[in-house]
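A short worksheet on the structure shown next.
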Amino acid sequence: MKTVRTIAEVRQAVGEARAAGRSVGLVATMGALHAGHFSLIDRVRAAGDFVVVSIFVNPTQFAPGEDYESYPRSEAADVAGCEARGAELVFAPDAAEMYRGGSLTTVHVARLSETLCGASRPGHFDGVCTVVAKLLNIVAPDRAYFGAKDYQQATILRRMVADLDFPVELVVCPTVRETDGLAVSSRNRYLNPDQRRQAPALYGALREGERVIAASAPPAGEVVAAVRDRLRAGAPDGEIDYVRVVDPETLADVERTDRPVVIAAAVRLGPARLIDNVRVERGASGT
Ligand code: AMP
């Protein structure tokens, strides 16, 4: 496995893999790699793609006052983990390499970027879209792999790829969870033991919403109320940012739950902002 820091080196290494007849798969990460990231690497390998992992804490997707400076960085362990898991190329640029001479161009996916997490993290998804567009142009993969945990991100990127005709297939992979249900996240390490005990209530509450829909597919407002109640009970120190029942593609709030919906939630627990979601295929009256 090779670790490179420049765009030119990535293009060279990917070109060689292509010349050897390989297809190419990209896992884009901000490092502090964990089981969720490794599950994406496994998927690339299973597809037989040349496995490229990018590690870049992208400054432009952090809003002012967010945790850019303190975001966990552990490159040596990340590179070792990539190698152990079978990655073939790690691209770990610095910000000067990624944004040479500053950059005047951003990618904005309207509407989808402005709701849910976008409402409380101004500019976040523009930063994500811009860096992912750059990575897609740098690596030129056949497939790029993303986690369903960041459901809004995956939905926005799918739209970006369609709207701008990127010649890449996006593969969205299931959320990897701790045994108590908490979605694995680099930010979980911000939680103190008491907050960590409360954190699984987020997924528990979403599952409660799923049960409510399965039982009677009530109007979305009732589902939201049930999820909020469960979340407040299980994570009394949590500050709920949002709990929403949305259309899986448009991310717009829905009223009816007898068709596929996503229940998405964000909660601040001490220093960590946790997000999670469940996709519910069909409520009671639709089954
Ligand atoms: P990040 O390093 O947080 O930017 O995440 C990089 C990629 O890993 C994104 O596509 C995330 O959606 C994905 N990811 C993060 N956590 C998980 C998880 N628990 N399960 C599956 N994928 C994840």
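The table for this structure:
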item: Packing-based exposure ordering (other Cβ within 10 Å, fewest first) of D247, D78; result: D247, D78
item: Taking K2, K134 and counting other C-beta atoms within 10 Å, the order from fewest to most; result: K2, K134
item: Relative contact order of the chain, pairs being alpha-carbon contacts under 8 Å that are 6 or more residues apart, as %; result: 16 percent
item: Viscosity 0.890 mPa s, 25 °C: Kirkwood-radius Stokes-Einstein D of the chain over Cα pairs, µm²/s; result: 124 µm²/s
item: Ranking of T60, T155 by count of other Cβ atoms within 10 Å, fewest first; result: T60, T155
item: Cα pair distances of the range 56-140 binned at 10 Å [whole percent]; result: 15, 40, 35, 10, 0
item: Between the range 4-53 and the range 219-263, the alpha-carbon center distance in angstrom; result: 35 Å
item: Under 5 Å, built H, 5+ apart or other chain: amide partners of T175; result: A148, K149
item: Descending semi-axes in whole angstrom, ellipsoid equivalent of the range 65-113, from the Cα gyration tensor; result: 27, 15, 15
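No value in this document is a laboratory result; all are computed from the given coordinates. Please read these numbers as outputs of a predicted model, since none were measured by experiment. As a convention, Cβ positions derive from the backbone with ideal geometry for all residues, glycine included, and neighbour counts pool all protein chains shown.
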